Every structure is written in C-alpha cells, then in structure tokens.
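I have placed the structure first, in the form of structure tokens, so that the comments after it can refer back to it.
The values are calculated or read from the model by the stated rules, or taken from the named source; none is laboratory data. Just so it is clear, the model here is predicted, and its values are computed rather than measured. Here the Cβ is made from the backbone with ideal geometry for all residues, glycine too, and neighbour counts use every protein chain on show.
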4 protein chains.
Amino acid sequence: MTNSTQKIKAGILGASGYTGAEAMRLLLRHPNVEMTLLTADRKAGQPVEEVYPHLGGYGLPDMIAVEDADWNTVDVVFCGLPHGTTQEIIATLPATVKVVDLSADFRIEDPATYAEWYGHEHRAMELQKGAVYGLTELYRDKIKSARLVACPGCYPTAVLLSLVPLVAAGLIDADDLVIDAKSGITGAGRGLKQNTLFSEAGEGLSPYSIAKHRHAPEIEQEVAKAAGCAAADMRVNFVPHLIPMSRGELITSHVRLSEGKTAADLRAEIAKVYEGEPFVRLLKEGAVPQTQMVRGSNNCVINVFEDRIKGRAIVIAAIDNLVKGSSGQAVQNMNLMFGLEETLGLEQAPLFP
Amino acid sequence: MTNSTQKIKAGILGASGYTGAEAMRLLLRHPNVEMTLLTADRKAGQPVEEVYPHLGGYGLPDMIAVEDADWNTVDVVFCGLPHGTTQEIIATLPATVKVVDLSADFRIEDPATYAEWYGHEHRAMELQKGAVYGLTELYRDKIKSARLVACPGCYPTAVLLSLVPLVAAGLIDADDLVIDAKSGITGAGRGLKQNTLFSEAGEGLSPYSIAKHRHAPEIEQEVAKAAGCAAADMRVNFVPHLIPMSRGELITSHVRLSEGKTAADLRAEIAKVYEGEPFVRLLKEGAVPQTQMVRGSNNCVINVFEDRIKGRAIVIAAIDNLVKGSSGQAVQNMNLMFGLEETLGLEQAPLFP
Amino acid sequence: MTNSTQKIKAGILGASGYTGAEAMRLLLRHPNVEMTLLTADRKAGQPVEEVYPHLGGYGLPDMIAVEDADWNTVDVVFCGLPHGTTQEIIATLPATVKVVDLSADFRIEDPATYAEWYGHEHRAMELQKGAVYGLTELYRDKIKSARLVACPGCYPTAVLLSLVPLVAAGLIDADDLVIDAKSGITGAGRGLKQNTLFSEAGEGLSPYSIAKHRHAPEIEQEVAKAAGCAAADMRVNFVPHLIPMSRGELITSHVRLSEGKTAADLRAEIAKVYEGEPFVRLLKEGAVPQTQMVRGSNNCVINVFEDRIKGRAIVIAAIDNLVKGSSGQAVQNMNLMFGLEETLGLEQAPLFP
Amino acid sequence: MTNSTQKIKAGILGASGYTGAEAMRLLLRHPNVEMTLLTADRKAGQPVEEVYPHLGGYGLPDMIAVEDADWNTVDVVFCGLPHGTTQEIIATLPATVKVVDLSADFRIEDPATYAEWYGHEHRAMELQKGAVYGLTELYRDKIKSARLVACPGCYPTAVLLSLVPLVAAGLIDADDLVIDAKSGITGAGRGLKQNTLFSEAGEGLSPYSIAKHRHAPEIEQEVAKAAGCAAADMRVNFVPHLIPMSRGELITSHVRLSEGKTAADLRAEIAKVYEGEPFVRLLKEGAVPQTQMVRGSNNCVINVFEDRIKGRAIVIAAIDNLVKGSSGQAVQNMNLMFGLEETLGLEQAPLFP
C-alpha cells in the first residue's frame, strides 16, 4: 500500500452525475486520496463550482472530457458513466489503473442475461470475467485482490445484504421472495426527465418498472448463488417505488420461512453474519429501520418482523442509495483494493434531521 | 328526499381534525347541504378561521363543544371523533339523525375482535349491529337504507376496492395476500406526535405498525366475506409505510393467482365490476397508478401487472386518503342515504401538480 | 351571452403546460363551458390521459397541433403558449374568438420596454393596443368589454393586488418598494430544467433572477399608473425565490409609509377597496397570510404589519400561483368577458392539508 | 491544550433537541473530543439509540437528567437547553468547566433588553458580563480566552456575517436594513407544535413573528456596535419565514448604499474581510447563494447584487441553521477555546443532493 506521504490518485469518470458528486464529497475527506482527474461529458471544461456549487472552494480540478484524460495521473478510477459507455472506456485503460465501477456494466455474469436486459452484446467480455461483484460484506476477500470491482446497484445492495444470508442459511424460501422497494429520487439520476421534476414527483408516490427493473436479474444472480441454483431458474418479485425524498432507500421483503423457522431465527442469523461489521447493523428487536437513520452515511440498518400470516416474515433494510447504495460502497471497496482501513473516508455519522 | 329549497343540515363532530376539515371543504360546495353544527374539543369556542385559516370567510358556524350541540339542528352528522369516543356520542343521538361515521368504532362486526384490537369492550353493540360498512361500491344498496354507516379506514378502502372483486371471483388466493401499503402523513392525523413533525418525517421513509395495524382485522373481515370463510380464519400480510407527502395512499398488493389465471383475467374482472362507476377507474394496460392522479378527488385508480414469479401478479391502487379514503367516501355515502345523486359535492377534478 | 343550454366552447392552447392543465381542471367543473380544443406542440396526437393522467376519464378531446386547430369550434381560447409564440398565433385568429392570454405577450404596453425585456420587437402591436391588463379586481369594467385580455404574471398579481391600492391612495412611497417574492416550483413551468428537478430544488432555497426578473417591468408599469408617473421613472426592488413546494406564492413587501400614515391606515384602505370581493380577503389584524390558506383556490389573502423601523410597514399577500396567479384569474376574466357570474368554476375551497 | 492522547471530555446539555443531536453528530468525528455526558429532561434514562436512532451504534453514553450530572467528568459543556433554564444551570457549574452556550441566555448584553424580550430578569448577570458573543469570524480573539461563549442565534449568524463588515466600513446605511429571512423547519426545534407538523408546514410558506422575533434585538446590538451607535437607537426590519425544508437558512438583505458606493464595493469589502477564512466564502460575481450549497456543513456563502432601485443593493447569505447557525459554530468556538485547529470536526463537505 501507499505510504503516508503519497496519496492515491483517484479519477472520477462521470463526475457531473449524482454518484460522481457523492464520490467527490466522500473522497474530499479521505486522508489517503487526492482527486486528480474529473471527467464529464457535456460539462467538460467547467470548474467543479459551476457543475456542483456545493463543492466549490475545495481546490478540485476542472472537469475535462474523458477522451482528454491522461491515465498516468491516476491510480484508480471511479466510473460513474452511463451504462454501456463504461465498458468501452474501461477497456482502454492501462492495466495498472484499478477500476471501481458504479455502472451496471460488469455486474451481470451471464452474457445472455446482460444482452437481454441492456439491449446489446457486452463489449468487454474479457474484463467482465475478471470483475468482482462489489457487495463488500459478502465478497470482501475477492475485492481485496481485484483490479475491477463492479459495485452493485443501489437496490441489490440493500436487498442482498438483508436476504442473502437468510437464503444461504436455508432459513427462507428463495422461490417466494416478494421485494417491495422504495427509493428517493436521486436514484433516477441527474438527467432531465419529466417524472423527476419537483412538481411532478413531489407530494406523490409512483411505482415504476414493475417486474421489469434491471436490478431484478442482478438480485436473482446473487440469490441463486446463495440458494445453490442457476440464476436462470431464479425469479424474484421486485417492485420499486419512487418516493418524494432525495436520498434513501428502503426494502420491505415479504418472505416465506422455511419449515419450522421463525422471525427470531432470521434475526439471529443476521446478527451472526454481520457481527463486527462497521456499516451493517441489526436493530434491536422491534426497532423499525427508517431511511432517516442512515442519510449521508455508509450504514445499512436491518430488522426482521413476524408476519400475521403464519409461516411468513418481513425483512426490512434501509440505506442511503448514494452512499452504501453507490459511492460509499465504492470507496469502501477502493479501501480494500489498496489495503487501507475499510472505513476511511466513510466515518461520518448520519445526517438527521 | 329533501326538496330543492330545503337543504340537508349537516353537523361535523370533530371538525378540528383533518377528516373534519376535509368534510367541510367538500360540503362547502355541496349544493344540497348546509353545515349547521361544528364541534371540536379543545378548540371549542373558536371560529373556523382560527382552527383552519383556509376555511375562513365562508360563513361557517363557530366550533362548539359536543356536549353543547343541539341535535335538533342537524339531519346528519359526520363523526370524525377519536376511536372509542364515537360510540358513546352516537348512542345519545336522536334516532332521526343519520350518522356517517369516520371512526373505526362500527367497522368491526365481531365484538371479540373489536375488543382485542381496540383495547376495550364495545359500548354500543346495539348500534353496531345496525351499522353498514360504508365501502360504497360494494355495499351501495345497504347504505341507501342505513341510518348508521361506518366508513372504512383509508387503507381498507383502497385494499378492498382492488382485492375483494378478485377474491370474490376466485381469481386470487385469499390465503396469500401480501399488502404493502404506503400513506401520506395526514393519515396520522392532526395530533402532535414527534414522528409526524416535518423535520422527522420529511426526506425519510418509515414503515410502522408492522403486522400490527388496526386496519388489518378490518381488511380480513371483508376479504373473508368475499372468500366465503370466517374472518377468524383469514390472515393477511399488511405493512404500512409513512411517506413524506401530505396526502395520498398507494397499495401494492402482491398476490398469488388461482390455477390457470393471469394478470389479464384480473384486469378483466376489475373492468367488469367497476364499469360505470363514477369514481373507480381501471387504468389502461401498463399505466401505473400514482397518488398524483387522484389528489384532492374522490377517485380511485387501479391496475394489475404480471409478476416475474410465475403464478403471481401485482395489484396497485391509489386514492387520496382524505377523500375516497375518508371524507369523500363519507359524502358519497351521505348522498346515498338521502337519495341524492351519488356524485354531488365530489365532482372536482384532481389537483395536479 | 350564451343561453343556458348552449355552452361556451373553449380552446386551450398549450394545454400540456401547467397553466394549461390548471385551466382544464377548473373548466371541467365550469357549468357553462365545454372544452372543444386542446393544443400541444410535442404532445400533439396524444390523449389527455397520457399527458396528464389525473385528467383521464373526463372525456376531454385529444391534444392536437395548434396549426391543425379549427377556430370555428371555439368561442374563446386560453393561451398558455410560450412567450413570443402567443402573439403570432393570436394574430391569426378570427376576430370573433375572444382571447384570454396567459403569456406575457400583451402585458407590457410600451414597445421599447417589451423589446428590452423579451429580446425582440413585438410582432402584433395592433392587438397589443387593444389588450386589457387582466388584473380582475382593478380592471373589471374594461375586461367586460375586451376581446383580448392579457392576464398578469403570477408575481404581479399578488404584488399589485396588495400594493396598488396603497400607492393609489398615497399611503406608501412608490419610490421605495422592496418586494421580496417567494414562489413554488410550478412557477418555473413544466419544461425540463436541472434546477427544478426534485433532487436539486427539494430541501433547498434559491433566489433567482435577482433584480432581473421579467415581472419587474410589469409591476413597475402598474405601480407607475397608480402613482401617476411614467413607467420609465418607476423602479422597484424585486427579488424572487424558489421555494420547495409545488404551488403557492407569497409576497413580502417592505414599504415606507407616507408621512403620518400607519399600518392601520393601510389595513383600512385594503379593507375598503376589497370589500365585497369574492376572492380577495384582508385577514384579521395580526393573522399571517400563508400559502396554505389558498392552495388550489382563486383566493388572495392579504395583511399588513408594523415594522420595527419607524415609518415602515410590511405588506404580505399569498395566492396560489396556478390559480389566482394564472388560470383561475383567466377563468375569472373569461366569466366577465361573457357576462357570466364572476365566480363560476372557481368556487372550490382551498385544499388543506 | 490537551495532548494528543488525552481527549477533551465534552458534555451536551439538552442532547435530545436538534442542536444537541447536531453537536453529537459533529463531535463523533472530532479527533480530540470524547462525549462523556449527555443530559436530557424527559428522555433521561434512555439510550441515545432511542432518542436518536441515527446515532445508535456509536457507543455514546445514555442520556441522564441534568441534576444527575457529575461535572467532574467534563472539560466543556455545550448547552442546548431551553432559553431561561440555561443561566440557572450554568451558574452552578465549576469554574473549570468551559461553556459553549447555544441558547439565547447570554447573547444580549443589556439587561433591560433581555428582560423585555425574554419576559424575566436575567438570573446570572455576573456570568453574562464575562460572556463573549460567539460569532467566530468577528470575535475570534476574545473567544480564544473566554470561559463562556454565547453562540449567536441562527438568523443573527448569517445576517451579521454578511452585514456587519459593510456597516463597519460605512458602505451601507445602518438605519435602513430590510432583512427578509427564510429558515428550514428545524429552526423551530423538536418540540411538538401544530405548525411544524409535516402536513401543516409541508407544501406551504409562512411568515412568522413579523417584526417581533427575538433575534431582532440581537442583530440590532451587533449592528449598532458596527455602526458605532447605541443598540437602543438601532432598529432593523426583520421578517422571518418558515420554508418547507428541514435545514438551511437564507438571508436576503435589502440595503441602501452609502453615497457613491456600489454593489461592487460591497463585494470587495466582503472579499477582503473574509479572505483566508475556512468557512465563509464570497461567491463569484453573479453566483447566487443557495442553501443547497451548504447543507450539513459549517460553510457560509455570501454574494451581493445590484438592485433595480438606484442606490440600493441586495446582500444574500446562506448557511445550514443547525451547523454554522448553531452546533457547528459552537464546535468552531470550542476549538478556539481549547487552542485547537479551528476546523477540527467541521471538515465535512456539504451534502448535496
């Protein structure tokens, strides 16, 4: 790893998007990192202050076009590029540059599934084979030695953290996972869309991409692994909803218990699996996870509740979609990839109210 | 019914709460109703303008204490009193006064279930026996001749409108209803609670009363009737969430299809059942119900979607919790009870944006 | 005027914008109007249900391109077109079609001022000369006989209703008007802009167009008239702020009292001027105008307060920017132009909470 | 000062309020501070996790009643107690304990003014005399040697940072300061009030305490000093507004320029005065301060704009009311009082979106 006087030089590709801004916010306070490269497409040539006024005055470099990047100036890049673009850019990077990818490009292992959901053949299959799925708590060891880490989508992060241990332990039925997901509006990105205007999204609640969201195959891939079956045989219910708040994500999973198991068994398993984890926390019995508990932090809070229907339980998890669901987990992974303390840059407490 | 020159004299008991305010808003524009009595507890003696500034200038009577009410001045009362209080007040009314109850006091038919969920024996069992459950579209005929109508809770209204026809037609499995509910914060009432402060509830998302909400037994009672079984044998999953918006309620029901049935069959049934209804509307195939579509109106929009899990479907319904979920449905019922056009006072279009 | 069996046929040009939607909402409940023409640019060919789902199911005609409009089908048009476009379209209309214009095209009387602020020479000066400024309460008589009414901007509406009577009566100094204005985000329209995205505008407060807003010359024109001086000699401070709410507008005017005058004198004048007005209301002494009091209604509430600085006072007015500030006032004007009761279609009470 | 191995032991009195929570959030990340005492009144005996779930899991001590505090366990206390209570508690502390007061109790120097605005005689006048007004950038040197620092109110912080240098330099007229202030709802505290419920405050805008807010005399005291006159002779206009957002405060000051001065002169003065300051930043010419730029940070952004009225200008400042407007400035002052780097614990970048 780097010594104390030499900082890791980080680039952020797609710095003008929300995940880029969040990566900048976190890395600004990371003691071992300096940001040496920021790229943006339409905002190329602009100072950070114009693209993100809240980050003015911190001495960050101006945004440049990705094609103008000098890759020798970076040890690692955080890729917040649009899906599809990422794989093309990353394929051109020197092998010495580590990659923490925030896009969906390297999350899906099966090429056919990727092509089905993303509408084109994968264009960097060789890289894909070496990619590690960056759900930190579940793949920590692999991440440490990876060159390319594909950070999970925001929904899969909270879904998998709360469900994979239960499936893996045989406590719940992997064939009957009903996942009712809710996200703040930053989840839809900074692009201009009518449905994310304040006057359209505010004071209202909209389900979207019902049973058709691209995070579904990603969830199924990982649940299938935990269940020991083929991804192609795994199907989950997944219904996301747009909530009138900027940040935050809450997953309400309605699950069927394995024969003889109880909600208390689920709690016990989660307690065991995440004991000692710095960011994942099982709440006290009966305490309800809320997005207010994690805003601005890399934390994930989880709890389990009995259902009124016998043989069922309710598993709830909350994260900040831009932190643990995206840029925070990316920094966590970067720390591992460079042999650093996993929590560096991520120590800040949640912001409430 | 009343002739055109003589208006129905309406009283609103508990006019200082949100359902009371909403009843006032709607009745102000009802051509056949005049409000002659408004009661409030701690706000007794105050003009409407002080309790609800937005209703100042409309010539409404001052609020008085319920014990000071002269029941001879009213033909009908809307009861927006706290649960438990209602039954005691209503028991003292002259039999000539019709009652549209917005509280939970007369919704539960089984005394034991009532006592279990509301913490005390029912104190007006005789009245309870004569009460009609006021889900207008399902009990229209009984409501027409009722003296006492128990308007459903906001959640049961949207849940039952969307699920009862499907259960009744044998299209879905009544034993596996997973009901993920979301409500705006007015649903929690005007009482002072820490969790409904702007700074606590805003920019956040909180599940609550998980599998313990009082609307669960009400839903089970009515689903059981549709399924032809005893309420005591019916259990539904019911998880409500508090959403950072004032009004609006959206129900995402994750249902198991009966053998051989499809989402399209569910849509067809809902289309058939609600054909010609003024307030309940099945959206076009693929169109997603949103609370933004119904704000301020008595409308309910419904649609059905295929699930990724074979044999399952997703049923979504949206209402304004204060209108169709409460005071609007109450006015709709009053119209029926007095032989009026069902839509009077309820014609206004939704407010968007 | 039309007889009771024959409705006024209204067209809405630019029906896909927020003012168009609001005009539709209000006219849907107008007993003497039927909407026979809806035009939209990019949404031409779409049913209303797709452009505005909340207005689905009301039997409105599909949106068409403005160039495909048959002007014989309308008695009046509401123009919610972009500034600049309006004057070109209106110039082509048959003289028998009355025009209620919601754009800024005919508000500014002085051609040079128009050109300075809107960046081009006016292209329909003849029409401009016949246009009446549609601030209903101040120009009621002229509006009754007008063919073309130029409805004021949302800010000028609230500013002028609260200040013009005071200037006209010589109670305040027209040369020292400090107007601190606040508006909900619908004021910025439905166009896609980064700063009106939920995640950018929510939980935040932004001044904008400081001392450069196009409503300033409109305000100055009318204040000058009240003061009896030339518009070119009148300058007001005008600083608008974007508030994280959809609807509502509040004007805080910090004014200098004329020698010997008091806040009470201002209250008395406003009480006198607006006595009997259906929509403008002076609140009780000490009661604070809030946008919550007027949401969804055509009402304007006003009050006056003493300042701590001797010789100054604070005048506050609140309206719903989409109703009294735009489409509601337009309907009010249309009623006058057709000899109808001024309040038709506008009777609904404010929506709160 | 403390050496690196021995941390400052801090107590937070009134830890259950929002300023208490914010102090905890900031101090959790302060490298030289450990929190050894948390007091709360009605929440005494509760773990932090129950009072503030977002701060669970950080090993903070349980809340206790203030009368049970062992003052030997603290080197410094942050007082977030209700106004009035503070002076009684502080008077009982050992002289060795430093005090950073967040209440209003020691801000007003003149006993008569204090009594007039706070409704009772001051009960700790001796302490009051030794108190230093904690507007860090203006009183840095005095704060370094103070035992008791009275942190300014949130409004005075932003008002004075932006106006005092201009008054002191004779650039603007101190007798004609029109201060239109806007605050997020956390400014009203965590107490239960009807007007801060989500359903009342959301989607709405309310002026309050018009010309009667307790921050007015505090502003006048400090402006008078800058102007070199007696506080009793200074009167400012001050109208605060409640904005539907949790955090953030924006001050729009409408000022009269001294003869011959321009907005550019004001900008130049502010640039000069705050050059090198870590937290106060003059924006580029034309860039508009927004609360979104400072959320969660201790930053203050300022800019000046020309007015349309000749001889006037508009000065705008934005802060996070809970950070620079309260607990952040308190930590900044504590750092000075203990000879630490002023920015410790306050380095985090703003949270946006």
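Below, the figures for the structure above:
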{"item": "Qualifying residue in region B:173-182 (condition: closer than 16 Å to B:ALA226 by Cα, assigned by TED's automatic domain parsing to the domain that holds B:LEU205 and crowded, with 24+ Cβ neighbours inside 10 Å)", "result": "yes"}
{"item": "Meets criteria (more than 30 Å from D:ALA21 (Cβ to Cβ), in contact with a Pro (Cβ under 6 Å, 6 or more places away or on another chain) and either in the same structural domain as D:LEU177 (by TED's automatic domain parsing) or not charged (D, E, K, R) (or both)) for D:GLU285", "result": "no"}
{"item": "Exclusive hit being touching a helix residue (DSSP H, G or I) at 6+ places or on another chain (Cβ under 9 Å), acidic (Asp, Glu) and assigned to a helix (DSSP H, G or I), set C:GLU34, C:GLU49", "result": "C:GLU49"}
{"item": "Residue satisfying condition, being among the hydrophobic types (A, V, I, L, M, F, W, C) and within 30 Å of A:GLU116 (Cβ to Cβ), within set A:ALA271, A:ALA231", "result": "A:ALA231"}
{"item": "Exclusive hit being among the aromatic types (Phe, Trp, Tyr) and within 18 Å of the chain's Cα centre (by Cα), set B:PHE305, B:PHE279, B:PHE352, B:PHE338", "result": "B:PHE279"}
{"item": "Answer residue from region D:3-24, given it is more than 15 Å from D:CYS79 (Cα to Cα) and at pLDDT 95 or above and is farthest from the other protein chains (Cβ to nearest Cβ) among those", "result": "D:ILE8"}
{"item": "C:PHE352 surrounded by fewer than 24 Cβ atoms within 10 Å (Cβ to Cβ) and either farther than 28 Å from C:ALA131 by Cβ or of a type outside the set (Asp, Glu) (or both)", "result": "no"}
{"item": "Positions within region B:309-351 being without any contact (Cβ under 8 Å) to a residue 60 or more places away in the chain and not basic (Lys, Arg), in sequence order", "result": "B:ILE309, B:GLY311, B:ASN335, B:GLU341, B:GLU347, B:ALA349, B:PRO350, B:LEU351"}
{"item": "Checklist (1) more than 27 Å from A:LYS310 (Cα to Cα); (2) small (Gly, Ala, Ser); (3) under 17 Å from the mean Cα position of the chain (by Cα) applied to B:SER162, failing item", "result": "(1)"}
{"item": "Matching option when the condition is touching a Phe, Trp or Tyr at 6+ places or on another chain (Cβ under 6 Å), surrounded by fewer than 19 Cβ atoms within 10 Å (Cβ to Cβ) and not assigned by TED's automatic domain parsing to the domain that holds C:ARG247, among C:PRO82, C:PRO111, C:PRO94", "result": "C:PRO94"}
{"item": "Residue within region B:213-236 that is within 25 Å of B:GLY184 (Cβ to Cβ), hydrophobic (A, V, I, L, M, F, W, C) and out of contact with any strand residue (DSSP E or B) (no Cβ under 7 Å at 6 or more places or on another chain) present", "result": "yes"}
{"item": "Those residues of region A:25-61 which are facing another protein chain (nearest Cβ under 10 Å) and in contact with a Pro (Cβ under 6 Å, 6 or more places away or on another chain), in sequence order", "result": "A:HIS54"}
{"item": "B:HIS213 touching a residue at least 40 places away in the same chain (Cβ under 8 Å), at the interface with another protein chain (Cβ under 10 Å from one of its Cβ atoms), part of a strand (DSSP E or B) and not aromatic (Phe, Trp, Tyr)", "result": "no"}
{"item": "Failed item in (1) out of contact with any Gly (no Cβ under 8 Å at 6 or more places or on another chain); (2) buried (at least 23 other Cβ atoms within 10 Å of the Cβ); (3) closer than 21 Å to B:ASP233 by Cα, with B:VAL164 passing the rest", "result": "(2)"}
{"item": "Residue selected from region A:188-208 under the condition among the hydroxyl-bearing types (Ser, Thr, Tyr) and at the interface with chain B (Cβ under 8 Å from one of its Cβ atoms), by the criterion surrounded by the most Cβ atoms within 10 Å (Cβ to Cβ)", "result": "A:SER199"}
{"item": "Odd one out for C:ARG29 among (1) in contact (Cβ under 8 Å) with a residue 60 or more places away in the chain; (2) surrounded by fewer than 21 Cβ atoms within 10 Å (Cβ to Cβ); (3) in a strand (DSSP E or B)", "result": "(3)"}
{"item": "A:GLU137 being surrounded by fewer than 23 Cβ atoms within 10 Å (Cβ to Cβ) and assigned by TED's automatic domain parsing to the domain that holds A:ASP110", "result": "no"}
